[in-house]
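Visitor: Input: one structure, supplied below.
The values are calculated or read from the model by the stated rules, or taken from the named source; none is laboratory data. Fair warning: this is a prediction, and the values are worked out from it, not measured in the lab. Cβ placement follows ideal geometry from the backbone for every residue including glycine, while neighbour counts extend to all protein chains displayed.
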Amino acid sequence: MGINENKICFIICVNDTLFFDECIKYINWLEKPEGIEIELVEVREAASMTSGYNEGMRCNDAKYKVYMHQDVFIINKYFIYDVLQIFKKDFRIGMIGLVGCLNMPKDGIMWHGERVSRGNGNVLWEKYRYELDKDGYWSVDAVDGLLMVTQYDLPWREDLFDGWDYYDISQCFEMKRKGYSIVVPLQNQDWYIHDDKGIISLWNYDKYRQMFLAEYGEEIVERNEGR
């Protein structure tokens, strides 16, 4: 399958139709740049987030892919414009997230590091536009899986992460292994709403944290020592 450089695809694992229908309303509301095609891939009954995302990635030819949770609602009307201008500014950027950590802590818990994401959130939407050259972005080690945009396809590590934790951070490290950078744009107005009311299984989280450290721990140490 060839790559369509004028297409952006939203890939969503779905188990709640109510959330998904609301999510789609916001996607359909987004401004579409001229010449850009928008596609939506709905993945149901996924065995894991990685397997669902691999299924979505392989079934379409879009260069740009948005992997997002069904309970995330994009409220930045110019979201597509903004992520495309970032990617086109620097081909070395492999992934864009909306919240992340600058330096991954040695314990593998990204929120123990310095978090970056939003600005003041007080700008009126009617007057707000993200300006890449003025607002810029942070280069980060990892981003949260609530929304991840890529311009290069890399397999998600379903051989290791066969549940619902650490799929996002592992993909960030796979991007870095390929030499790509990961960024979080400065958001002087909130770009999204995340209606996350799920219950977290700490046992599963720690199990996958240990697997993550076994696979990527040395890389975390090397990066921390190089700073």
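Visitor: Please work out which residue is surrounded by the most Cβ atoms within 10 Å (Cβ to Cβ), limiting yourself to segment 125-171 and to residues that are assigned to a helix (DSSP H, G or I) and aromatic (Phe, Trp, Tyr). Let's see the steps before the verdict.
Guide: Initial filter on segment 125-171 (assigned to a helix (DSSP H, G or I)): 125-127, 132-135, 167-171.
If we keep only those that are aromatic (Phe, Trp, Tyr) as well, we get 125, 167.
Numbers: Trp125: 12, Tyr167: 25.
Filtering first and then ranking leaves Tyr167.
Visitor: Hey, among the residues in segment 5-37 that are part of a loop (DSSP other than H, G, I, E, B) and among the acidic types (Asp, Glu), which one's nearest to Tyr53 (Cα to Cα)?
Guide: Within segment 5-37, the subset part of a loop (DSSP other than H, G, I, E, B) is 15-16, 30-36.
Going one step further and asking which of them are among the acidic types (Asp, Glu), we end up with 16, 31, 34.
On the way: Asp16: 17, Glu31: 25, Glu34: 27 Å.
Top of the filtered list is Asp16.
Visitor: For segment 172-186, which positions are touching a Leu at 6+ places or on another chain (Cβ under 7 Å) and not in a loop (DSSP other than H, G, I, E, B)? Give the derivation first.
Guide: Residues of segment 172-186 that are touching a Leu at 6+ places or on another chain (Cβ under 7 Å), as a first pass: 174-175, 178, 184.
Matches in segment 172-186: Glu174, Met175, Val184.
Visitor: Only one of Trp111, Trp203 is assigned to a helix (DSSP H, G or I), within 18 Å of the chain's Cα centre (by Cα) and modelled with pLDDT under 95. Can you tell me which? Can you show your working first?
Guide: Numbers: Trp203 fails: within 18 Å of the chain's Cα centre (by Cα).
The conditions single out Trp111.
Visitor: While we're looking at this one, here's another question. Look at Leu147 and say whether it is over 23 Å from Arg209 (Cβ atoms) and among the aliphatic types (A, V, I, L, M).
Guide: Values: over 23 Å from Arg209 (Cβ atoms): no; among the aliphatic types (A, V, I, L, M): yes.
In short, no.
Visitor: Please go through (1) at pLDDT 95 or above; (2) outside any helix (DSSP H, G or I) for Glu55 and return the number of the only condition it doesn't satisfy.
Guide: With (1) at pLDDT 95 or above; (2) outside any helix (DSSP H, G or I) applied to Glu55, the lone miss is (2).
Visitor: Determine whether Glu42 is assigned to a helix (DSSP H, G or I) and surrounded by fewer than 20 Cβ atoms within 10 Å (Cβ to Cβ). Spell out the reasoning first.
Guide: Details: assigned to a helix (DSSP H, G or I): no; surrounded by fewer than 20 Cβ atoms within 10 Å (Cβ to Cβ): yes.
Criteria not met by Glu42.
Visitor: Within segment 58-75, which residues are within 20 Å of Asp144 (Cα to Cα) and either modelled with pLDDT of 95 or more or assigned to a strand (DSSP E or B) (or both)?
Guide: Let us first name the residues in segment 58-75 that are within 20 Å of Asp144 (Cα to Cα), namely 64-75.
Scanning segment 58-75 gives Tyr64, Lys65, Val66, Tyr67, Met68, His69, Gln70, Asp71, Val72, Phe73, Ile74.
Visitor: Right, here's the next one. Suppose we keep only residues that are of a type in the set (D, E, K, R) and closer than 22 Å to Arg129 by Cα within segment 8-35. Which one would you say is surrounded by the most Cβ atoms within 10 Å (Cβ to Cβ)?
Guide: Filtering segment 8-35 down to residues of a type in the set (D, E, K, R) leaves 16, 21-22, 25, 31-32, 34.
Next cut, closer than 22 Å to Arg129 by Cα only: 25, 31-32, 34.
Details: Lys25: 10, Glu31: 10, Lys32: 12, Glu34: 5.
Top of the filtered list is Lys32.
Matching residues to (1) surrounded by 15 or more Cβ atoms within 10 Å (Cβ to Cβ); (2) closer than 25 Å to Thr17 by Cα:
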{"position": "Met68", "(1), (2)": "yes, yes"}
{"position": "Asp82", "(1), (2)": "yes, no"}
{"position": "Lys89", "(1), (2)": "no, no"}
{"position": "Arg92", "(1), (2)": "no, no"}
{"position": "Gly108", "(1), (2)": "yes, no"}
{"position": "Ser117", "(1), (2)": "yes, no"}
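Visitor: Here are some conditions: (1) more than 23 Å from Phe19 (Cβ to Cβ); (2) part of a loop (DSSP other than H, G, I, E, B); (3) touching an Asp or Glu at 6+ places or on another chain (Cβ under 7 Å). Asp196 meets all but one. Which one does it not meet?
Guide: Result: Asp196 fails condition (1) only.
Visitor: It is to be established whether one or more residues within segment 51-64 are hydrophobic (A, V, I, L, M, F, W, C), more than 20 Å from Leu98 (Cβ to Cβ) and surrounded by 15 or more Cβ atoms within 10 Å (Cβ to Cβ). Spell out the reasoning first.
Guide: Initially, segment 51-64 is screened for residues hydrophobic (A, V, I, L, M, F, W, C), giving 57, 59, 62.
Then keep just the ones that are more than 20 Å from Leu98 (Cβ to Cβ); that gives 59.
Restricting the remaining residues to those that are surrounded by 15 or more Cβ atoms within 10 Å (Cβ to Cβ) gives none.
Taking every residue of segment 51-64 in turn, none turns out to be hydrophobic (A, V, I, L, M, F, W, C), more than 20 Å from Leu98 (Cβ to Cβ) and surrounded by 15 or more Cβ atoms within 10 Å (Cβ to Cβ).
Visitor: For segment 1-14, what are the residues that are under 19 Å from the mean Cα position of the chain (by Cα) and more than 16 Å from Val83 (Cβ to Cβ)?
Guide: Ile12, Cys13, Val14
Visitor: For segment 90-108, give me the residue count where each residue is within 21 Å of Val66 (Cβ to Cβ) and either among the hydrophobic types (A, V, I, L, M, F, W, C) or modelled with pLDDT under 95 (or both).
Guide: 7
Visitor: Is at least one residue of segment 67-89 closer than 24 Å to Asp141 by Cα, without any contact (Cβ under 8 Å) to a residue 40 or more places away in the chain and more than 13 Å from the chain's Cα centre (by Cα)?
Guide: Yes, some residue in segment 67-89 is closer than 24 Å to Asp141 by Cα, without any contact (Cβ under 8 Å) to a residue 40 or more places away in the chain and more than 13 Å from the chain's Cα centre (by Cα).
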